[in-house]
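Asks: Here it is: the structure, laid out below.
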Amino acid sequence: MKIKEYIIKKLNELIENFPFLKASYFVDDFSKSNYIKILPLNEFEGNKEYKEFEIKMIIDFINQYPYDEIVFVSEKNILELSNLVYEIEGKLFTDKHTYNTDIWKNNFNFDFDLSFNKSVIDIINNYHSLKEVIEKFNEEIFINPIIVEPVEIIEEEAGEISYALAA
């Protein structure tokens, strides 16, 4: 299998397993290095399951293509990547700080808004609505219970504090 075919196949697997990610594949014409840009940054840096997938992919890539290079980057990348080969975006990916509950509405009836830019009272009201739905799921459907909590989001660059729900 050619390198590009291999990487595209693996990126499709990645997005299938992590639908909240966006992956872009670039090739540096000068060095012939393969760059994979993963968004959003917080998942790239802090998602343990994603990191395990990335490490397995790197090891597999090195075993199959020992004379080639693959590099994973994100928003903090200082390289200018311009030769886009392939890009795939998961169904739950968003580059804004909002989660679109319409994505889930065909599967479940959610009546809450998960926007980050809401007041604490709005978040608490939505939390209670979400909590009722999750409790019903925990009783009837799920083996492992889902835990829902309001969380504080601190925007490092803007220095602002927002609130959201985490499940």
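Asks: In whole Å, what are the Cα extents of the stretch 3-89 along the three principal axes, biggest one first?
Replies: So the three principal-axis extents are 30, 27, 18 Å.
Asks: Modelled label-to-label distance, Leu84 and Glu69, 7 Å Cα→beta-carbon offset: nm?
Replies: Label at Leu84, label at Glu69, 2.4 nm between them.
Asks: What number comes out for the charge environment of Tyr25, summing +1 per Lys or Arg and -1 per Asp or Glu over other residues with Cβ under 15 Å away?
Replies: That sum, taken over residues with Cβ under 15 Å, equals -2.
Asks: Which net charge results for the neighbourhood of Glu87, defined as the other residues with beta-carbon distances under 11 angstrom from its beta-carbon, given Lys and Arg at +1 and Asp and Glu at -1?
Replies: The answer is +1.
Laboratory data are not the source of any read-out in this text; all were calculated from the coordinates shown. It should be emphasised that the depicted structure is a prediction, and the values quoted were computed from it without experimental measurement. Methodologically, a virtual Cβ is constructed for each residue, glycine included, from the backbone with ideal geometry; neighbour enumeration extends over all protein chains shown.
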